[in-house]
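Please treat every number below as a calculation from the coordinates, not as lab data. Since the model is a prediction, treat every value here as computed from it, not as a measurement. Cβ placement follows ideal geometry from the backbone for every residue including glycine, while neighbour counts extend to all protein chains displayed.
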Amino acid sequence: MNMANTEIETITGAEIVIRCLAAEGVEFVFGYPGGSVLHIYDALFKQTDVQHILVRHEQGATHSADGYARATGKPGVVLVTSGPGATNAVTGIATAYMDSIPMVVITGQVPTSLIGNDAFQEVDAVGVTRPCVKHNFLVKDVKDLARTLKEAFFVATTGRPGPVLVDIPKDITAHTTVFDYPQTVDMRSYKPVTMGHMGQIRKASELILSAKRPMIYTGGGAILGNAAEAVTEFTRLLGYPITLTLMGLGAYPATDPQYVGMLGMHGTYEANMAMHECDVLIAIGARFDDRVTGDLAKFCPYAKIVHIDIDPSSISKNVQVDIPIVGNVNSVLHELLGLIRESNRQPDKEALTSWWAQIDAWRSKECLRYDRNSPLIKPQFVIESLYKATQGDAFITSDVGQHQMWAAQYYKFDKPRRWINSGGLGTMGFGLPSAIGVQLAHPEATVACVTGEASIQMCIQELSTCMQYDLPIKVVNLNNRYMGMVRQWQEMFYDKRYSHSYMDALPDFVKLAESYGHVGMRIENRDDVEEALKEAFAMKNRLVFLDFVTDQTENVYPMVATGKGHHEMFLGPDRELA
Amino acid sequence: MRRHTISILLENEAGALSRVAGLFSARGYNIESLTVAPTEDPSMSRMTLVTSGSDNIIEQITKQLNKLVDVIKLIDLTEGQHIERELMLIKVKAASNNQREEVKRLVDIFRGRIIDVADNNYTIELTGTCDKIDAFIKALEEPLIIEVVRTGISGIGRGNKSLQA
Ligand SMILES: Cc1ncc(C[n+]2csc(CCOP(=O)(O)OP(=O)(O)O)c2C)c(N)n1
């Protein structure tokens, strides 16, 4: 450095924020302005490196950033103001947290001198978000700003990913200092593990090869860890059946015969039965969530369990496992693949043949069969038609409810990062804004949001954002005039007392879409379903809101009710008990 | 269910304590006592936390604590030989000669110290294990006790074992 040069450039905190984002390669910031982030917005105005996407509600900003992250693997970035801006963002932060999505949320804060004074638009953002972030920071000195942002990106994207919030008081964004973006991060208190323990991996490979009735159970960790290819190689090499969780869909091609469908509460008969009967369970990047396991006392009663996960606290949290392996799923699977290939042992062909015969017998129940002759529009039929209309190659986001489960059951995802839904928190309102993030990340791709008439209304204002940025998302509204999933539970467990689960005073969605400048279509006849979808997807440059008037009484099956085991599925009212 | 004494080195940051406390309340773990203060390195705090639970719960507690970004290192002291000490300040009635004599005798037996004397009361300082302090309180007749202040346990490993960053 030229010591004679006394004019070392100093810049404001606001400019530092933008330079850090640019240095991180951030393409989009999803945000909404307000008093305490005005300096940052001014800095945004003066540059072109980072594109700001103006949403209509801060929840929309977090979900959009989240959708972007899920579709790309890169962290989503959010910028909101203090107080109500921060609290509006909380639902989206919690959603990302539950599904381990990398996200950096920058919140403005009142000036340092006013913190703690109940100042205008003051809320303790660090305190409010503490339980639903991986970590958060309050910046107290402009000199710490660049390092803090670097650490925020590092923490959000490494280990088990998650949202990180950085709260920046307004005065800090006006203060000036020398900009020096650190190249590396060294946090003595944060050292995520990556490599699995070789001894454990060796033990696991032996157990895996000794299986007579093996089962591979893979979750969202395989997607987050970019391990879909390794999962596929591993599964094919062994010839074992594989099931995926709601979060894991796409980690293995759904059209492949070794795939036995999703497991859990609304999983397939064959997947759940194979879970119950297996003798070796290989859990990959999955966390034994209660919606997956059913009654823990009845979970996989005959199985020895191998569990690969990057988060030590996921291991033996709900289910005691025999061989835990803490590490990056992708690297552990590659180690395993190596050992299995080198081994002089082979998978037990004979045992596998009879195991597959058993699985095929379960499959022959055709648990996802539904009434194709109904005069009404069956929601399952809409999803199947959506699958056909998009050649199975779309990015599908979803809201929460029955439509979400049908999308998961009937859209066959062959690739990772194509299925984008709020599995952990189950956030209604997620579908449309997350589709914004996905479409921005992949401008040429087909993006559809499968939703319900209740969910869509929770973030409907983002139709305006879609207009502003020309996002040709296709909204597939399965309109059953009910909060269908709530109605289903009330039908089954509350003697049909449909307490407040109806949807009255619905808007005319066609006109609503049109008033935002989009195309609206209402489909009331089952024979029009396929044609409508075709027509909609042919409009490559338009957002089309397809309002399908579906059978109000349809329920999601199979179902493992609360307190039941995987082998105690209910296949439907006109079917025998499993 | 067993009592565990967990010793934690954490960043001496404003939010660190509430992260630990928040973790315990959010996940429904109990805290019997918790002490925290800076170490010889002012950038680090040392916390001793006493909790109880089944082996599974304790395993989860240590894993979840380790997951907190502000936690540098931790050790479950209960798994090895260690020393625990607690400090108590206790104010007791000492109005009559009789009461004064009795309290003084007990303080001697327990190797405590009278650190303040007023017309009608003594303030006593006592350190020891949690059990010893419980025993002292029990040995006093309840009506004599005016005020009890306990620090909660501080713990350290025996011998060469130490918890360092
Ligand atoms: C923010 C939020 N509030 C409440 C719920 C509870 N909930 C789960 S599904 C559901 C009904 C969703 O109805 P709709 O969007 O019409 O979808 P359907 O089940 O009819 O397909 C409700 C209210 C939730 N998941 N999220």
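So which helices (runs of 4 or more DSSP H) stay within the stretch B:45-148 end to end and still have 1 or more residues that are within 14 Å of chain A (Cβ to nearest Cβ)?
Fully inside the stretch B:45-148 and qualifying: B:55-67.
Whether any residue in the stretch A:283-298 is charged (D, E, K, R), closer than 23 Å to residue A:418 by Cβ and more than 14 Å from every other protein chain (Cβ to nearest Cβ) is what I want to check.
Yes: the stretch A:283-298 contains one or more residues that are charged (D, E, K, R), closer than 23 Å to residue A:418 by Cβ and more than 14 Å from every other protein chain (Cβ to nearest Cβ).
Please give the number of the condition residue A:263 fails out of (1) in contact with a Gly (Cβ under 9 Å, 6 or more places away or on another chain); (2) crowded, with 24+ Cβ neighbours inside 10 Å.
Among (1) in contact with a Gly (Cβ under 9 Å, 6 or more places away or on another chain); (2) crowded, with 24+ Cβ neighbours inside 10 Å, residue A:263 violates only (1).
Would you mind finding the one in A:468, A:488 that is more than 15 Å from the ligand (Cβ to nearest atom), on the phi < 0 side of the Ramachandran plot and not aromatic (Phe, Trp, Tyr)?
A:468
Taking residue A:476 as the residue in question, decide whether it is away from chain B (no Cβ under 14 Å), more than 16 Å from the ligand (Cβ to nearest atom) and in contact with a helix residue (DSSP H, G or I) (Cβ under 7 Å, 6 or more places away or on another chain).
The answer is no for residue A:476.
Scan the stretch A:410-418 and give yes if some residue there is away from the ligand (no atom under 12 Å from the Cβ) and part of a helix (DSSP H, G or I), otherwise no.
Checked the stretch A:410-418: at least one residue is away from the ligand (no atom under 12 Å from the Cβ) and part of a helix (DSSP H, G or I).
Please enumerate the residues belonging to the stretch A:391-405 that are assigned to a loop (DSSP other than H, G, I, E, B) and more than 14 Å from the ligand (Cβ to nearest atom).
Residues satisfying the conditions are A:391, A:392, A:393, A:394.
Counting only residues that are under 11 Å from the mean Cα position of the chain (by Cα) and within 11 Å of the ligand (Cβ to nearest atom), which one in the stretch A:419-435 is nearest to residue A:218 (Cα to Cα)?
By that ranking, first place goes to A:422.
In the stretch A:367-390, which residues are more than 15 Å from the ligand (Cβ to nearest atom) and not in a loop (DSSP other than H, G, I, E, B)?
A:384, A:385, A:387, A:388, A:389, listed by residue number.
From the residues in the stretch A:437-465 that are away from the ligand (no atom under 12 Å from the Cβ) and among the β-branched types (Val, Ile, Thr), which one is nearest to the other protein chains (Cβ to nearest Cβ)?
A:438
Which of the residues that make up the stretch A:388-417 are among the basic types (Lys, Arg) and either surrounded by 24 or more Cβ atoms within 10 Å (Cβ to Cβ) or farther than 24 Å from residue A:378 by Cβ (or both)?
Within the stretch A:388-417, A:415, A:417 meet the criteria.
Based on this model, can you work out whether residue A:361 counts as of a type in the set (A, V, I, L, M, F, W, C), touching a strand residue (DSSP E or B) at 6+ places or on another chain (Cβ under 9 Å) and in a helix (DSSP H, G or I)?
No.
Give the number of residues within the stretch A:127-139 that are within 11 Å of chain B (Cβ to nearest Cβ) and more than 24 Å from the chain's Cα centre (by Cα).
3
If we only count helices (runs of 4 or more DSSP H) wholly inside the stretch A:160-243, which ones have 2 or more residues that are within 29 Å of residue A:256 (Cβ to Cβ)?
Helices (runs of 4 or more DSSP H) meeting the threshold: A:198-209, A:220-224, A:228-238.
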